[in-house]
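Undergrad: Let me begin by handing over the structure; questions about it come next.
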Amino acid sequence: MVQRMMESDAVASVKEQETLPVMEAFYTVQGEGKYTGHAAYFIRLGGCDVGCVWCDVKESWDADVHPKRTITDIVEAAAAYPGRLAVITGGEPLMHDLTGLCIALQEKGFQVNIETSGTHPLSGDLDWITFSPKKFKKPLPEIYEKAHELKVIVYNKSDFAFAEEFASQMNADCRLYLQPEWGKQDKMLPLIIEYVKKRPEWQVSLQTHKYMDIP
Ligand code: SF4
């Protein structure tokens, strides 16, 4: 028994020493989706191979240019704030195994949310999965059953059909959001409003953090 505990302590310690490339991490208010308005600690991991043309965080794509931080360091910094909602984002955060990070955050009382394109295998015990599919790389089908919200960025009119293609495959409890791409908001938001009025299974999601002028 004692031997087993020592072994699991050793595994835990190795996990805490694991590193992940962190582009930035900051305490703010979630601006999108179901958790809009909630204080949250964002952890933006480096690395993305999806290649969206309109990506507003292209600096995240190359994981190697971002400092590798230990899980212990990442979680200690998060726990310095009173909020206990963590949002793991990117880049594409599932390019990394998130098992150790989820465990360490949850041990400190965090709910762990993720924002992903679903193009890499799920890892870690994630409490809330926001699935944001992109036209530039196909998602893995496992995400359809697991996601809690589907968020489709509307950049042009063809994105409504793209959104429906995914909505029909999602689990029955999954929330459905249409969000205008920030630069196309003037053109796309009126279309989204009309669409949601006709198809009320969808909701409008806005990047409210941009209105609040917060990260
Ligand atoms: S998945 Fe996200 S980070 Fe990656 S290219 Fe698309 S918008 Fe940018």
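The values are calculated or read from the model by the stated rules, or taken from the named source; none is laboratory data. Here the structure is a predicted model, which means the values were calculated and not measured. Glycine gets a Cβ as well: all are built from the backbone with ideal geometry, and neighbour counts include every protein chain shown. Each accessible area value is taken on the protein alone, full model and side chains, heavy atoms only, with ligands, DNA and RNA left out. Shrake-Rupley method; radii C 1.70, N 1.55, O 1.52, S 1.80 Å.
Undergrad: Can you find even one residue in the stretch 143-156 that is at pLDDT below 95, outside any strand (DSSP E or B), among the polar types (S, T, N, Q) and over 25 Å from ALA40 (Cβ atoms)?
TA: Yes, that holds for at least one residue.
Undergrad: Does any residue in the stretch 59-71 that is among the aliphatic types (A, V, I, L, M) come within less than 6 Å, Cβ to Cβ, of a residue that is assigned to a loop (DSSP other than H, G, I, E, B) and within 13 Å of the ligand (Cβ to nearest atom) six or more places away or on a different chain, and which pairs are these?
TA: Note: pairs meeting the criteria are ALA63/GLY46; ALA63/GLY47.
Undergrad: Just name the residue that is most open to solvent (accessible area, probe 1.4 Å) out of those in the stretch 159-182 that are polar (S, T, N, Q) and either within 17 Å of LYS134 (Cβ to Cβ) or in a helix (DSSP H, G or I) (or both). Can you show your working first?
TA: Taking the stretch 159-182 first, the residues polar (S, T, N, Q) are 168-169, 171, 179.
Filter once more, so that each one left must be either within 17 Å of LYS134 (Cβ to Cβ) or in a helix (DSSP H, G or I) (or both): 169, 179.
Working: GLN169: 83, GLN179: 3 Å².
Selected residue: GLN169.
Undergrad: Turning to a different aspect of this structure: Does the stretch 101-119 hold any residues that are away from the ligand (no atom under 12 Å from the Cβ) and either within 9 Å of the chain's Cα centre (by Cα) or under 20 Å from ILE143 (Cα atoms) (or both), and which are they? Write out each step before concluding.
TA: To start, the set of residues in the stretch 101-119 that are away from the ligand (no atom under 12 Å from the Cβ) comprises 101-114.
LEU101, CYS102, GLN111, VAL112, ASN113, ILE114 - these are the residues of the stretch 101-119 that are away from the ligand (no atom under 12 Å from the Cβ) and either within 9 Å of the chain's Cα centre (by Cα) or under 20 Å from ILE143 (Cα atoms) (or both).
Undergrad: Take the conditions away from the ligand (no atom under 16 Å from the Cβ), over 17 Å from the mean Cα position of the chain (by Cα) and open to solvent by 10 Å² or more (accessible area, probe 1.4 Å) and apply them to ASP127. Does it pass? Steps first, please.
TA: On the way: away from the ligand (no atom under 16 Å from the Cβ): yes; over 17 Å from the mean Cα position of the chain (by Cα): no; open to solvent by 10 Å² or more (accessible area, probe 1.4 Å): yes.
Answer is no for this residue.
Undergrad: If I ask for residues that are surrounded by fewer than 17 Cβ atoms within 10 Å (Cβ to Cβ) and closer than 23 Å to PRO121 by Cα, which ones from the stretch 71-103 would you list?
TA: ASP97, THR99
Undergrad: Go over the candidates VAL154, VAL196 one by one and state the one that is surrounded by fewer than 17 Cβ atoms within 10 Å (Cβ to Cβ) and in contact (Cβ under 8 Å) with a residue 12 or more places away in the chain. Show your work before the answer.
TA: Values: VAL154 fails: surrounded by fewer than 17 Cβ atoms within 10 Å (Cβ to Cβ).
Result: VAL196 is the single residue among VAL154, VAL196 that is surrounded by fewer than 17 Cβ atoms within 10 Å (Cβ to Cβ) and in contact (Cβ under 8 Å) with a residue 12 or more places away in the chain.
Undergrad: Now for a separate question. Within the stretch 34-49, track down each residue that is within 15 Å of the ligand (Cβ to nearest atom) and open to solvent by 10 Å² or more (accessible area, probe 1.4 Å). Spell out the reasoning first.
TA: Within the stretch 34-49, the subset within 15 Å of the ligand (Cβ to nearest atom) is 42-49.
PHE42, ARG44, CYS48, ASP49 - these are the residues of the stretch 34-49 that are within 15 Å of the ligand (Cβ to nearest atom) and open to solvent by 10 Å² or more (accessible area, probe 1.4 Å).
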